[in-house]
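Undergrad: Let me give you the structure first, and then I'll get to my questions.
What follows draws every value from the coordinates through simple rules; no lab data is involved. Because the structure is a prediction, the values reported are computed rather than measured. So basically every Cβ, Gly included, is an ideal-geometry build from the backbone, and we count neighbours across all protein chains shown.
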Amino acid sequence: MTQRWLMALALGAGGILTGCADPCGEPGTTCTVLGTGSPGSKLGETDPLAAPLYGPMDVAIRHHAGDFFVGDWNNHQIKHVEDGVLSVAIGTDFLGDGDPDFEERIAPGVPGTTVALNHPTSLEWNPVTNRLLIPSWHNHRVREFNPETGNSLVVCANTAIDDGNGANAGFAGDGGPAADALMAFPNSITIDPTDGSFWLLAQKNARIRKVEADFSLIDTVAGTGAIGYEGDGGDALEATFNFWDPEDLQPQPSGAIEYDGERYMYIADTSNHVIRVWDVIDGTIDTLPGTGEQTLPGGECDAAALCFPRDVELGPDGRLWIADTDNHVIRSYDLATGEMTTVVGTFEMGNGEDGLPALETALNRPFGIDISDDGILLIADTYNHRIRQVIP
């Protein structure tokens with residue numbers, strides 16, 4: 001798959017693919033599949049290319065690359081594109097936290113279009129339960145969306161009906177049901193494909209927690225809660241991460257996790273500028289070799305190393321794909337050799353036009369990515385307010 005990717009990119013760079021009528025059908029080129037390139041909102045729009053986004057943070061593929069969900073950050077909505085038709089899965093016209101009758105905690109939930117959100121970030125499709133899991137960043141909870149019914153249900157958060165349906169940010173609840181837990185700025189989820197249970201990265205808690213598939217138990221499995229870069233070679237429970245720079249008074253969403261389905265979890269340790277790898281069987285954690293040491297010379301990113309990576313995904317080629325956000329590129333990491341390759345972007349902030357070869361397409365702080373089973377890459381080109389696609 002990687003050879004196909006690089007061959008397609010090389011062909012594109014040679015000009016063979018230039019001037020295509022439909023760049024979305026041409027291997028190796030970048031095209032827009034959602035968004036206009038300008039921030040905004042257009043109520044009721046069903047054409048993905050006529051609907052503006054406002055800072056999309058993540059994209060999650062369901063069954064194929066033409067069927068995906070997007071966390072539309074500043075529009076406070078989860079949007080869904082299926083076979084070229086756009087709809088709103090969760091969210092209203094205003095920010096908030098829940099439905100007006102405060103019934104979102106009661107199974108089977110309430111219609112997603114009655115649920116107000118507050119800056120949704122990442123999202124993850126659970127292929128075991130056929131549900132979408134949404135870490136609601138500013139709501140300090142996790143929601144589950146059922147596409148068959150259109151209902152949204154709060155599944156993780158200690159929230160009483162009489163508190164305005166707003167969860168309190170904090171840290172509590174380990175060893176008990178997820179419904180009784182407190183968390184602070186949950187930002188990423190990865191699924192255990194054997195049973196549908198999942199891990200949850202809570203950004204301000206600086207921890208990773210495990211949640212059973214039936215939400216009956218939540219527990220911390222990595223992180224002490226302190227901010228730092230310690231613990232490599234030892235127990236993940238003694239490790240520290242830097243998802244939340246204490247000097248940043250208005251931090252952005254950061255930190256991401258991805259499980260390989262067998263043994264290893266990959267962690268985008270954003271403000272440490274590295275990818276950590278946790279062996280979930282023996283419990284040890286380390287840093288992936290070759291992910292570089294970012295020095296921020298003159299306050300700018302050194303392109304030779306990762307710079308605030310904010311998402312990681314495993315592709316069908318067995319490589320790890322990285323949204324290298326502040327370098328404005330997408331990278332591919334060979335887990336066997338430690339070699340890292342740039343696959344999309346120019347390292348210059350910009351808004352590359354559709355139809356360009358992927359390595360000639362400028363991005364602007366891409367926060368999220370996903371990759372389909374047949375290797376099609378979707379990119380949340382966040383500050384360009386678009387979802388981009390590259391076919392291998």
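Undergrad: Between rounded, prolate and oblate, where does segment 75-202 land on the alpha carbon gyration tensor, with a ≥ b ≥ c its root eigenvalues, rounded for a/c under 1.5, else prolate if a/b exceeds b/c? Present the calculation step by step, with values, prior to reporting the outcome.
TA: Values: a/c = 1.59, a/b = 1.13, b/c = 1.42.
Since a/c reaches 1.5 but b/c is at least a/b, the shape of segment 75-202 is classed as oblate.
Undergrad: Over all alpha-carbon pairs in the chain, figure out the percentage whose distance exceeds 34 Å.
TA: 23 percent
Undergrad: Looking at segment 128-248, I'd like the Rg to Rh ratio, where Rg is from alpha-carbon atoms and Rh is Kirkwood's inverse mean 1/r.
TA: With Rg and the Kirkwood Rh in hand, the quotient comes to 0.98.
Undergrad: Just to verify a number: FRET efficiency for Ala172 and Thr149, C-beta to C-beta distance, R0 = 35 Å, to 0.05? Walk me through the numbers before you get to the answer.
TA: On the way: r = 31 Å, r/R0 = 0.88.
Given R0 = 35 Å and the Cβ-Cβ separation, E is 0.70.
Undergrad: Also, I was wondering about something else. Between Glu82 and Asp195, what length comes free when the chain is fully extended (0.36 nm per residue of separation minus the Cα-Cα distance, one decimal in nm)?
TA: Working: separation 113, 0.36 × 113 = 40.68 nm, distance 2.64 nm.
Stretched fully, the Glu82-Asp195 segment lengthens by 38.0 nm.
Undergrad: What is the gain in length, in nm to one decimal, between Ser38 and Ala50 on full extension, counting 0.36 nm per residue of separation less the C-alpha to C-alpha distance? Let's see the in-between values first.
TA: Values: separation 12, 0.36 × 12 = 4.32 nm, distance 1.05 nm.
Length gained, Ser38 through Ala50: 3.3 nm.
Undergrad: Continuing with this model, one more query. Starting from the Cα of Leu95, step 7 Å toward the Cβ, then list every residue of segment 354-389 with an amide N under 20 Å from that point.
TA: 367-368, 382-386
Undergrad: Mark the label point 7 Å from the Cα of Asp374 along Cα→Cβ and return the residues of segment 24-68 whose backbone N is within less than 16 Å of it.
TA: 24-29, 61-68
Undergrad: Per DSSP H run of at least 4 residues, take -39500 (n - 2.57); add these up for the chain, divide by its residues and hand me the 222 nm value, nearest 500 deg cm²/dmol.
TA: After summing the helix terms and dividing by the residues of the chain, the value is -1000 deg cm²/dmol.
Undergrad: What's the whole-number percent of alpha carbon pairs in segment 266-372 lying beyond 23 angstrom?
TA: Everything past 23 Å amounts to 24 percent.
Undergrad: Which length gain, in nm to one decimal place, applies between Gln250 and Glu103 when the Cα-Cα distance is subtracted from 0.36 nm times their residue separation?
TA: 49.8 nm
Undergrad: Considering amide H positions built from the backbone, and no H for Pro or chain starts, which residues 5 or more places from Thr30, or on another chain, come under 5 Å of its amide H?
TA: Counting only residues 5 or more places away or on other chains, the set is Gly355, Leu356, Ala358.
Undergrad: So what J values fall out for segment 170-181 if you push phi through Karplus, 6.51 cos²θ - 1.76 cosθ + 1.60 with θ = phi - 60°, rounded to Hz, Gly and Pro as x?
TA: x, 8, 6, x, 4, x, x, x, 4, 5, 9, 7
Undergrad: Cross-link partners among aspartates and glutamates for Lys42, C-alpha distance below 17 Å, same-chain residues fewer than 8 apart left out?
TA: Those aspartates and glutamates meeting the cut-off are Asp72, Asp93.
Undergrad: Something else: For segment 336-392, what is the largest minus smallest coordinate of the Cα atoms on each principal axis, given in angstrom and ordered from greatest to least?
TA: Per principal axis, max minus min of the Cα coordinates gives 33, 22, 21 Å.
Undergrad: Tell me, what ³J(HN,Hα) does each residue in segment 270-278 have, in order and in whole Hz, if you take phi through Karplus 6.51 cos²θ - 1.76 cosθ + 1.60 with θ = phi - 60° and put x for Gly and Pro?
TA: 4, 7, 8, 6, 9, 10, 8, 10, 10
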